[in-house]
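K.L.:
One structure coming up, written as structure tokens, with questions to follow.
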């Protein structure tokens, strides 16, 4: 499967490559970066390499997945963004991470909006969910800016989480 590259005003969402392992490992090793994830410990490099391989396999199996994200003007990995199938609930999640120096610039919302557009306009998905730790106010704000609506509190990935959802008609109304 050929993974599409998507460009936005400031970002390039592109397929992951093996060379992304070291920069992604550095991002995930930033102090407290994973504090809202089920396992807040920074993964070793070999697990990051496996994560990248799994993302490429995910694209082959589902025809969607997560992209490596970089800034148009500087290139170089700054995070990931995209879609993930959740087999436990038979849902598709929109997810994202960006390196701390890139926070509070609207980049996460910009990239996630491109992921939503791909999901609804290219893939024709009927719904996307956003799963967020209840204390992660910044990530909740991103989902809300995207026009996703809070639906309920539930357990995902073995942790308490807030579930947000969006259907194609809600995406169209959001003006994204």
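Read-outs throughout are calculated quantities, based only on the coordinates presented, and are distinct from any laboratory measurement. Here the structure is a predicted model, which is why all the values come from computation and not from measurement. Glycine also receives a Cβ, built like all others from the backbone with ideal geometry; neighbour counts cover every protein chain displayed.
Each row is one residue, and each column tells you yes or no for (1) under 25 Å from residue 146 (Cα atoms); (2) free of Cβ contacts under 8 Å to residues at least 40 places away in the same chain; (3) part of a helix (DSSP H, G or I); (4) in contact with a strand residue (DSSP E or B) (Cβ under 6 Å, 6 or more places away or on another chain).
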{"residue": "13", "(1), (2), (3), (4)": "yes, no, no, yes"}
{"residue": "16", "(1), (2), (3), (4)": "yes, no, no, yes"}
{"residue": "27", "(1), (2), (3), (4)": "yes, no, yes, no"}
{"residue": "46", "(1), (2), (3), (4)": "no, yes, yes, no"}
{"residue": "80", "(1), (2), (3), (4)": "yes, no, no, yes"}
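K.L.:
When you scan the range 68-107, how many residues do you find that are over 21 Å from residue 36 (Cα atoms) and surrounded by 13 or more Cβ atoms within 10 Å (Cβ to Cβ)?
P.N.:
Looking only at that region, the number is 3.
K.L.:
Take the conditions within 24 Å of residue 154 (Cα to Cα) and assigned to a strand (DSSP E or B) and apply them to residue 93. Does it pass?
P.N.:
yes
K.L.:
Sort through 38, 23 and tell me the only one that's part of a loop (DSSP other than H, G, I, E, B) and over 16 Å from residue 119 (Cβ atoms). Steps first, please.
P.N.:
Working: 23 fails: part of a loop (DSSP other than H, G, I, E, B).
So the residue among 38, 23 that is part of a loop (DSSP other than H, G, I, E, B) and over 16 Å from residue 119 (Cβ atoms) is 38.
K.L.:
Check whether at least one residue in the range 7-18 is within 21 Å of residue 127 (Cα to Cα) and loosely packed, with under 13 Cβ neighbours inside 10 Å, and report yes or no.
P.N.:
Within the range 7-18, none of the residues are within 21 Å of residue 127 (Cα to Cα) and loosely packed, with under 13 Cβ neighbours inside 10 Å.
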